[in-house]
Amino acid sequence: MMVCLLLYAYCVGVFSSRKIAWACERHLAFMAMVGQERPDFRTISDVRKQHLEPFKEVFVQVVRLAGEAGLVTLGTVATDGTNIQGNASRPKARSYGYMKKAVERLREAIEALVTAAYQQEEAEDAALGSRRGDELPAEVARRAQRWATLEAARQRLEAQANAEAAAERQQRAAADAERQRTGKPRRGKALTPVVESPEDKAQSNVTDPELHIMRPNNKGWESCGKAPVSVEAACQIMVACDVTNAPNDKQQAEPMAQATRAILAPAGIALPQDAAGQAQAIPATLEKGYDSEAAAQALEDFGLTPSRATGRQKHHAPEAEASDVPATAQERMAAKGRTPEGRALYARRQVIVEPGFGQSKEARGFRRFLLRGLEKIRGEWRLVCLTHNLLKRWRYGSAHSAA
């Protein structure tokens, strides 16, 4: 019942646990689903967190159902990503200097509160008799939790500074060894000592340190995760999805290609075949950020033929002809983009992948992750993509049945 409740809520654009619990009290569809066993928002939140990993198999099964209904033909697979705001608290980041001062203030406040609590407890014991008295006061517990959070953020900054210092020492040692080998003296100013401690202005996200600052819209910068998807062209079924904190799309070509093939195999969707029955590579259109030799070669290794415009062509200008036979994967991708078939294939990239982002973010209203931590928001985004495929299966399946 809870799994059906979560799937239906995400399909209709109700993502918050409190809103789902509220709908179970007032909306007929939700009430018919849960009956008299109406869960509270904490139960819904706990069930969602516990079932993020099993939803991987549900995602595969939904893709399999879409393939059996003829909604996945692998004519073209388009890959792109969108920035989705994280659930970090404001202010999102704290500096190392602030953390040191805040930890000291919290330590002094906790000592004062504990001392006052002991004095009050002794007075009450003298008047009323002995009690347990081992419970922390709420004010002390709140400050202790805040202390632990800031201490963890401070340790992350220190670990990062130590790693950077070690890398700097290694780089300097390699440069010294090279100069000794060649006999060339070092030029320029004397090197400053390597500092292992972070600067006071160094910042770390306190509530969700795994996410980085990105731009989710044209209004500012937020703590975001990049959510790439691979969408099939026939009915805009999302065949793979992921969330990463890397803002560069070039790093996502190989993981998304690998994820696409990992989903298609267990879903029972075969590769396209030619007239002779031989398996063919899947045409894949990608956004401009994926233009690199490593990305193009990775897609070819996973059985996809990348297609991307590698440069802007001026209007009414003659097409540049390749002088040599393309040798690398990037050259083959560029040569394909210069052909009429390649241009027509790449021209359809946005109408394949972008509507999925609009339908999820604008139509259903999913504009911010509710969970924290990279693994949890990956599961949450998988749930959003899974319900997107369910809606496509229902819509196109109903249309096919009516036809």
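The values are calculated or read from the model by the stated rules, or taken from the named source; none is laboratory data. Remember, it's a predicted structure, so these values are computed and weren't measured experimentally. Note that we place each Cβ from the backbone using ideal geometry, even for glycine, and neighbour counts take in every protein chain shown. Just the protein is used for accessible areas: all its heavy atoms, side chains included, with ligands, DNA and RNA removed. Shrake-Rupley method; radii C 1.70, N 1.55, O 1.52, S 1.80 Å.
Annotations
- Residues (under 13 Å from Asn245 (Cβ atoms) and either open to solvent by 50 Å² or more (accessible area, probe 1.4 Å) or not in a loop (DSSP other than H, G, I, E, B) (or both)) located in region 197-208: Asn205
- Test for Leu106: is it of a type outside the set (D, E, K, R) and either closer than 30 Å to Leu299 by Cβ or open to solvent by less than 20 Å² (accessible area, probe 1.4 Å) (or both): no
- The residue that is farthest from Glu362 (Cα to Cα), counting only those in region 1-15 that are assigned to a helix (DSSP H, G or I) and of a type in the set (A, V, I, L, M, F, W, C), is Met2.
- Filtered residues of region 32-76 (kept if part of a loop (DSSP other than H, G, I, E, B) and in contact with a Lys or Arg (Cβ under 8 Å, 6 or more places away or on another chain)): Leu52, Ala69, Leu71, Thr76
- From the options Ala66, Ala9, Ala32, Ala78, residue that is without any contact (Cβ under 8 Å) to a residue 24 or more places away in the chain, over 30 Å from Leu157 (Cα atoms) and surrounded by 21 or more Cβ atoms within 10 Å (Cβ to Cβ): Ala9
- Among the residues of region 306-321, those that are open to solvent by 50 Å² or more (accessible area, probe 1.4 Å) and either modelled with pLDDT of 75 or more or of a type outside the set (A, V, I, L, M) (or both) comprise Thr310, Gly311, Arg312, Gln313, Lys314, His315, His316, Pro318, Glu319, Glu321.
- Flag if Ala23 is crowded, with 20+ Cβ neighbours inside 10 Å and farther than 30 Å from Ile269 by Cα: yes
- None of Ala190, Ala153, Ala166 is open to solvent by less than 40 Å² (accessible area, probe 1.4 Å) and more than 30 Å from Ile282 (Cα to Cα) except Ala153.
- Among the residues of region 360-396, those identified as buried (at least 20 other Cβ atoms within 10 Å of the Cβ), under 19 Å from Tyr8 (Cβ atoms) and among the aliphatic types (A, V, I, L, M) are Leu383, Val384, Leu386.
- Test: Ala116 is open to solvent by 30 Å² or more (accessible area, probe 1.4 Å), over 19 Å from the mean Cα position of the chain (by Cα) and more than 30 Å from Ile352 (Cβ to Cβ): yes
- Qualifying residue in region 386-398 (condition: part of a helix (DSSP H, G or I), of a type in the set (S, T, N, Q) and at pLDDT below 90): yes
- Checked against the criterion of being assigned to a loop (DSSP other than H, G, I, E, B), closer than 22 Å to Arg372 by Cβ and of a type outside the set (Val, Ile, Thr), region 16-27 contains one or more residues that satisfy it.
- Flag if Ala296 is buried (at least 17 other Cβ atoms within 10 Å of the Cβ), in contact with a helix residue (DSSP H, G or I) (Cβ under 7 Å, 6 or more places away or on another chain) and either under 19 Å from Ala253 (Cα atoms) or modelled with pLDDT of 80 or more (or both): yes
- Of all residues making up region 218-263, the number that are over 18 Å from Glu375 (Cα atoms), assigned to a loop (DSSP other than H, G, I, E, B) and open to solvent by 20 Å² or more (accessible area, probe 1.4 Å): 6
- Any hit, region 322-329, residues being under 23 Å from Ala233 (Cβ atoms) and either at pLDDT 75 or above or not β-branched (Val, Ile, Thr) (or both): yes
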